[in-house]
Structures are given as C-alpha cells and as structure tokens.
Amino acid sequence: MIAFPEKEEPMRIDRRAFLATLGSAAVVEAMSSEARADALEHYMIAQLDKPAGPPAQPLVVRRGAGALFGGPSPSGQRPELTALATMPERPTLVDFIRFRGTPSIGNHILQSANDALKKGEPEETVLACLLHDYVLNLMKPDHGWWGAQMMEPYVSEKVSWAIRHHQALRFYPDPSVGYEYPELYVRIFGKDYVPAPYIKASYESARKHKWYMDARMITVHDLYAFEPGIKVAIDPFMDIIGRHFKQPKEGLGFDGSPVAHMWRTLNYPDNPL
Ligand SMILES: [Fe+2]
Ligand SMILES: [Fe+2]
C-alpha cells in the first residue's frame, strides 16, 4: 500500500515567477482580485502538474484518474474532494459541464469557447473549443484521444477529429495563425522537451489533413491567460450545443452508446465497482 501524507504540505508559490506569467505590470494592475485569484489557482494547478522527481516510494497507483476524482497530480498532491450535486435522471451535456467538472477545467473550456465565439468562428469550432478538455475531469494522459472518443457519438466527425488532434498540435507552432509554443509547456515539460514519436506522427498526419485548421483553431483559442474580470457562463453556448451536440433522449450514460460508461463514470465517481 502506498502511504499518503496525513495532511498536505502547503504549496510554496514563487511570487515573481507567478506574476511573470500574467504579463506586464499594467496588465496585473488592471486585473480584478477575483481574476488574480483565478490566475493564481490556474498557476498552482500548473505547478502541481510539473514533472515530479523520482518517486520517494514505489508507485502503486498510476495517474490515470482525472481531476474530478482527485487523482494524484504528477507531483503526487491530492486535492480535497467536495460533495457533488445529484445529477438528473437523464443528464445532458450541460448538466455534466455544470455538475461534473472542476472549476478550473470549467473556466478553461468556457473561456476557450468564448474566445472562439467573440472572434466569429464557425459554430462547430466554438463547440470543439467548449468540449476540447472536458475529458480532463475523467482522464489526463492522452486526453485528446480520450476526449474525442467520448464526444464522437454526439458530434460531427470533424469536431471529434479536431478534439483528437489538438493534443499533438499544441506542441507545434503555426505562425500563419499566430499560434506559438505555449510558455506553460516549457514549465511543464522542460525547455528541451521533444514530443514522443506518436505525438509527432499525429501532428504530421494532421498537418496534411483537410480538417487541419479545425484542430488548429482549438489551439489558437486554447487560452491559459485568464481575462481580467471575465467569468463565462454556459448560457451563450446553449443554442450551439442544441444545434451540434446530439443529446441522447435517455441521457448521457444511459443511451447504450460505446462510450456511455465514460459518462456514467463521471456521473457516479464514487461507485466501488
Ligand atoms: Fe487540451
Ligand atoms: Fe485546453
């Protein structure tokens, strides 16, 4: 059995490094304290996800549990778990986004979709941005593939294709649309990180594909910077979800689809088996 510490050590924050992630002093000054707190939370999550050194004890549990489950972050920290709302009998995508996700992932996907919406992207791109990281609540490794599979029965082939490939595309800049390698990735993966061959292969095949730009636009709107004072609600996306997400009438998880179990696992994260 692996032993977890009784109480977590409070995390130390490098204030200068944190402020540097926000931008210039003027930008920091213009942020509301709520936006600053959100940014700090995001920063701390990113820090927790930094590669840990060699484990102090042999690993018994791996990291294949998503944020909703409080699964250990790569550095071994475990978040506090809070009670979850009861889900409706026939849960919809919106119920899952509202009641089965952590606030940080919720903020991130809503901000991405909001950015796409404001910039006049097609509705399917807005939907792809809204869905692109939801699966992180369930699973972290290979989240592009997991996320695409989870959404596949309910969205167009193009949307799930784009979600699948955004994972690899994040590692490769595309100056034609102003997409740069994320600063956050330097901190998470290290300066000289070279993506694994399967990621490179996914990128190279995506680059030649007719839907390349659909996946690329997810990365363009994949923002880590919190916009000062902006808290995005799900409401502006209801119509787009209604038009492009095939909500099963039995409810997600109860429709007998090949991925129903993924939704049920999020619905009942405390089931013993
Ligand atoms: Fe992602
Ligand atoms: Fe993302």
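Based on what the data block shows, is Y134 surrounded by 23 or more Cβ atoms within 10 Å (Cβ to Cβ) and within 25 Å of P269 (Cα to Cα)?
Working: surrounded by 23 or more Cβ atoms within 10 Å (Cβ to Cβ): yes; within 25 Å of P269 (Cα to Cα): yes.
Yes.
Before we move on, is Y181 of a type in the set (S, T, Y) and over 18 Å from A128 (Cα atoms)? Outline the logic, then answer.
On the way: of a type in the set (S, T, Y): yes; over 18 Å from A128 (Cα atoms): yes.
Considered against the rule, which asks whether it is of a type in the set (S, T, Y) and over 18 Å from A128 (Cα atoms), Y181 comes out as yes.
Put simply, of Y181, Y134 the only residue that is farther than 21 Å from I97 by Cβ and free of Cβ contacts under 8 Å to residues at least 60 places away in the same chain is Y181.
Here the condition is being within 15 Å of ligand 2 (Cβ to nearest atom) and under 15 Å from I109 (Cβ atoms); of L127, L169, it holds for L127 alone. If you check L84, L127, L131, L184 for being at pLDDT below 95 and closer than 25 Å to K249 by Cα, only one passes: L84.
With respect to the conditions (1) in a helix (DSSP H, G or I); (2) at pLDDT below 95; (3) within 13 Å of ligand 2 (Cβ to nearest atom); (4) over 25 Å from G251 (Cβ atoms), K140 lacks only one, and its number is (1).
The values are calculated or read from the model by the stated rules, or taken from the named source; none is laboratory data. These numbers come from a predicted model, not from an experiment. Here Cβ is always computed from backbone atoms with ideal geometry, including for glycine, and neighbour counts include all displayed protein chains.
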